[in-house]
Amino acid sequence: MPNGVEIGDLPTWIAAILSIAAIAISIFTSARAERIAMRSQQFGEEVKAAEDRWQKDQDRHGSIAERGQVTMEWGGRVLAVVAQMHQEIQVRGGASPQPAATTHLSASLSGLVDEGRLLFPNEEHETYGVTKSPAFRGIRQQILDDAVYMHDIYRFGRLFDAPAGDHEFTEIRRDFVSELQAKVNPERLTIERMKSYREAQLNSSDLYRKAQRSGEAER
């Protein structure tokens, strides 16, 4: 045999080559299996993270929808009382309200305002009214302010120590409805911004197309 390799050594060389090949295949297979396992684990983690994000998103939207429903039910009760108040204010015109005649509705709205404090806690409660009971510390949110203002106009015919009647009540009632709408659907502002953005894009696209057509006509 050339290079001094004897025929009797050939099986030994073949066995050695096969052994080396087997080791190489084993290493390659092991590395490949490890890579597959790592990819599988990574994919599983990504799927789990996506599921967690989806669940959190569902929970968030679910809680928003649930809170919106509770707020809408509360707001509906307030609006029912307010509608009766407004009708009576319009009927009495500029006449002063009679305390005995306004007791029932004013008491109903006062109770709804206190119920509303559970939905819309006062803000800046660590700065204002710190000596009051916890629920009454801080500054009322606008939606509750509107309810209190309507109560005062109906009950006393005054607002901020000045005479107030149908006109003031109408304006505050409209503001209350707007505040209620925002509370029932807090994402509406985001939706409106998206609509404005899309409309702006469409408008700019239309202008671009018109300019392009104008340029083509000139050419």
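Read-outs throughout are calculated quantities, based only on the coordinates presented, and are distinct from any laboratory measurement. Fair warning: this is a prediction, and the values are worked out from it, not measured in the lab. All Cβ positions, even for glycine, are placed from backbone atoms using ideal geometry, and neighbour counts span all protein chains on display.
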Please work out, to two decimal places, the log10 of the ratio I(q)/I(0) at q = 0.12, 0.21 Å⁻¹ from a Debye calculation in which every Cα of region 73-150 carries one identical scatterer.
-> -0.41, -0.93
Once both labels are modelled 7 Å past Cα along the beta-carbon direction, what's the residue 127-residue 185 spacing in nm?
-> 3.2
For residue 98 and residue 161, what does the FRET efficiency come to when R0 = 22 Å and r is the distance between their Cβ atoms, rounded to the nearest 0.05?
-> 0.60
Work out the FRET efficiency for residue 135 and residue 42 from their Cβ-Cβ distance, taking R0 = 41 Å, and round it to the nearest 0.05.
-> 0.25
